[in-house]
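The values are calculated or read from the model by the stated rules, or taken from the named source; none is laboratory data. Here the structure is a predicted model, which is why all the values come from computation and not from measurement. Because the Cβ atoms are built from the backbone with ideal geometry, glycine has one as well, and the counts that use them run over all protein chains shown. Areas reflect the complete protein model, heavy atoms only, side chains present, ligands, DNA and RNA absent. Shrake-Rupley method; radii C 1.70, N 1.55, O 1.52, S 1.80 Å.
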Amino acid sequence: MGRRKLGETVVHGMGRHRATAGATQAAEHVVETHRRLVDHLRAGQTLAEIDAFVGETLKNLDSESAFKHYRVRGHPPFPSEACLSVNECIVHGTHDMTSTPITPGDLLSIDIGVRHKGWIGDAAWTYVVESTDEVSMKLVEAGRESLRLGVEAMQPGRPLIDWARVVQEHVEKRCGFGDRKSTRLNSSHTVIS
């Protein structure tokens, strides 16, 4: 059986099934929260109202935010249940960064991290508020397709950089969204799905 790496978790026998089931359940709670947001989001809502909805939904699912109160040395605790990033805010927006309600045409990325029975699930979805312009819609479509291509590129034994290269190539070269700074941030978070 070879040497284990520092921090490596090894699961044997029936424990493997329980581990997989726990991780799957945490991921399912992320997806369910996003599905409920699809029906909930409307122009005129503030980020604080949306964030409160996420928190209440997680509570109803017997889960909690993996982000709220998360601390990085030298920074205050993260204040929101989810990362709420509107339009030009690429990642890690908070519920208190603006009191301006969302409006038709806004792109709203909501990154939800769920802690459930010791497991964490995490996914960001981008929502179009009611309708949007052609360029914004192309950005959303580019993100969705880059995620599909990235997942397709992931193969057993291959490095994660294969995924990142496919995503970056699609977004920058095929779709023409070549802002290197935002592409780096987006590809590391799969912000648009």
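Numbers below:
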| item | result |
| --- | --- |
| Test result for GLU172, among the charged types (D, E, K, R), at pLDDT 90 or above and crowded, with 17+ Cβ neighbours inside 10 Å | yes |
| Strands (runs of 3 or more DSSP E) lying entirely in region 48-138 (those with 2 or more residues that are open to solvent by 80 Å² or more (accessible area, probe 1.4 Å)) | 119-128 |
| Criterion: of a type in the set (Ser, Thr, Tyr) and at pLDDT below 90 - qualifying residue of THR57, THR9 | THR9 |
| Where a residue in region 113-141 is farther than 23 Å from HIS170 by Cα and its partner, wherever it lies, is aromatic (Phe, Trp, Tyr) and open to solvent by less than 90 Å² (accessible area, probe 1.4 Å), with Cβ under 8 Å and at least six apart | GLY113/PHE67 |
